[in-house]
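Notes follow the structure.
The values are calculated or read from the model by the stated rules, or taken from the named source; none is laboratory data. Source: prediction; values computed, not measured. With ideal geometry, Cβ positions are generated from the backbone for all residues, glycine too; neighbour counts draw on all protein chains shown. In case anyone asks, the SASA skips ligands and DNA or RNA and just uses the protein heavy atoms, side chains included. Shrake-Rupley method; radii C 1.70, N 1.55, O 1.52, S 1.80 Å.
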Amino acid sequence: MLAATPKLQGKSFLCEKDFSREEFLYFIELAMKLKDEKKRGITHRHLEGKNIALLFEKPSTRTRCAFTVACIDLGAHPEYLGKDDIQLGKKESIEDTAKVLGRMFDGIEFRGFEHKKVEMLAQHSGVPVWNGLTDQWHPTQTLADFLTVKENFGHLEGIQFVYVGDGRNNVANSLLVGGALVGMDVRICSPESLFPAEEIVELAKELAAKSGGNVTITSNVDEGVAGADVIYTDVWVSMGEEDQFAERIALLSPYQVNMDMIRKTGNEQVIFLHCLPAFHDLETSYGKDIYDKHGLPEMEVTNEVFRSEHSKVFDQAENRMHTIKAVMAATLGNLK
Ligand code: CP
Ligand code: NVA
């Protein structure tokens with residue numbers, strides 16, 4: 001049974017801080033319900049007849065597929081518009097494009113670089129806009145990650161959630177603020193030069209003070225991972241930063257998630273999460289290139305951890321679809 005539905009209809013989903021704790025938890029509860037219905041073959045066409053634009057300036061496997069399948073399951077039509085398909089910001093302003101898309105589509109997903117762009121789409125389109133990742137935030141990822149935590153531990157409050165690695169990327173920012181919002185003991189463990197921006201840490205601390213959560217930013221791995229329920233990492237070099245591999249490898253090698261780090265948590269039940277894609281072997285052209293240039297066969301996580309029983313990364317990937325479906329249904333559907 002779902003708690004009373006918060007008023008989310010017509011609202012955009014741009015970053016965690018735009019939602020109350022109750023609203024954020026509602027998306028996760030709704031996703032659990034939709035996941036259960038899907039597993040049992042119960043249809044849920046809450047967006048029957050709607051048309052959804054999927055704008056991607058950066059590549060994607062999970063987010064694109066999750067939005068596409070979620071649209072179809074909800075009875076909506078998804079239309080993919082890649083970076084070379086439309087003029088967004090090149091030959092037509094974002095404002096004008098937003099107004100045009102809003103006349104034809106009922107909802108818009110956007111993945112790209114500057115967060116400002118997704119805000120402008122939301123401001124000018126007149127329809128709900130969902131952030132599929134910007135340089136600053138990746139909020140649909142946070143929902144999938146927290147659903148995975150809930151499935152493994154039964155609750156989110158008080159979970160010792162440790163993000164290790166590039167502490168100032170989109171995923172780290174989202175998990176820090178999202179974790180604080182829902183009352184987790186959230187820690188960012190990274191080199192000082194990759195600590196999250198001061199205003200994001202301040203925001204997270206304010207949210208944690210209200211939710212009963214806790215926020216720690218540390219460069220000390222032993223201190224950071226002690227007692228962790230969740231060890232999370234992401235790539236050392238995000239999309240658009242590909243010229244920074246050498247510098248990041250030097251900075252982040254001590255933060256690699258390996259079995260030694262898993263043991264340092266002191267928690268046999270600790271789970272490993274990663275938003276994916278991950279560099280954990282030599283089965284990618286990037287991975288091979290890094291190996292040739294820097295001699296590293298694995299980067300942010302070892303293959304041993306990635307393939308271990310601690311790893312829930314493929315549950316997490318599946319949960320992208322259920323949580324994105326919940327976001328679209330709650331903000332555009334007519335749920336009672
Ligand atoms: N985690 C994630 O956003 O994956 P994609 O880049 O494949 O969408
Ligand atoms: N931080 C990564 C996340 C990919 C899902 C990136 O932006 O490339």
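Note on the range 285-313: residues that are among the β-branched types (Val, Ile, Thr) and modelled with pLDDT under 95 amount to 1. A search for C-beta distances below 9 Å between a residue of the range 35-56 that is within 11 Å of Gly75 (Cα to Cα) and any residue that is of a type in the set (S, T, N, Q) and assigned to a loop (DSSP other than H, G, I, E, B), counting only pairs 6+ apart in sequence or on different chains, returns His46/Asn334. Scanning the range 238-250 for residues that are within 16 Å of ligand 1 (Cβ to nearest atom), acidic (Asp, Glu) and open to solvent by 50 Å² or more (accessible area, probe 1.4 Å) gives a single hit, Glu242. In the range 35-65, of all residues being assigned to a helix (DSSP H, G or I) and closer than 21 Å to Cys275 by Cα, the one that is farthest from ligand 2 (Cβ to nearest atom) corresponds to Lys35. The single condition among (1) assigned to a helix (DSSP H, G or I); (2) open to solvent by less than 50 Å² (accessible area, probe 1.4 Å); (3) modelled with pLDDT of 95 or more; (4) more than 26 Å from Glu151 (Cα to Cα) that His322 does not meet is (4).
Restricting attention to the range 96-110, the residues that are charged (D, E, K, R) and outside any helix (DSSP H, G or I) total 2.
Filtering the range 66-84 for residues that are in contact with a Lys or Arg (Cβ under 8 Å, 6 or more places away or on another chain), within 16 Å of ligand 1 (Cβ to nearest atom) and either free of Cβ contacts under 8 Å to residues at least 40 places away in the same chain or assigned to a strand (DSSP E or B) (or both) leaves a non-empty set. Put simply, of Val235, Val225, Val230, Val177 the only residue that is among the β-branched types (Val, Ile, Thr), buried (at least 24 other Cβ atoms within 10 Å of the Cβ), in contact (Cβ under 8 Å) with a residue 12 or more places away in the chain and closer than 27 Å to Gly112 by Cα is Val177. Note on the range 286-315: residues that are of a type in the set (Val, Ile, Thr) and part of a loop (DSSP other than H, G, I, E, B) amount to 1.
Within the range 128-167, restricting attention to residues that are among the charged types (D, E, K, R) and within 10 Å of ligand 2 (Cβ to nearest atom), the residue that is least open to solvent (accessible area, probe 1.4 Å) is Asp166. Just one residue in the set Glu199, Glu268, Glu283 is free of Cβ contacts under 8 Å to residues at least 12 places away in the same chain, part of a helix (DSSP H, G or I) and open to solvent by 20 Å² or more (accessible area, probe 1.4 Å); that residue is Glu199.
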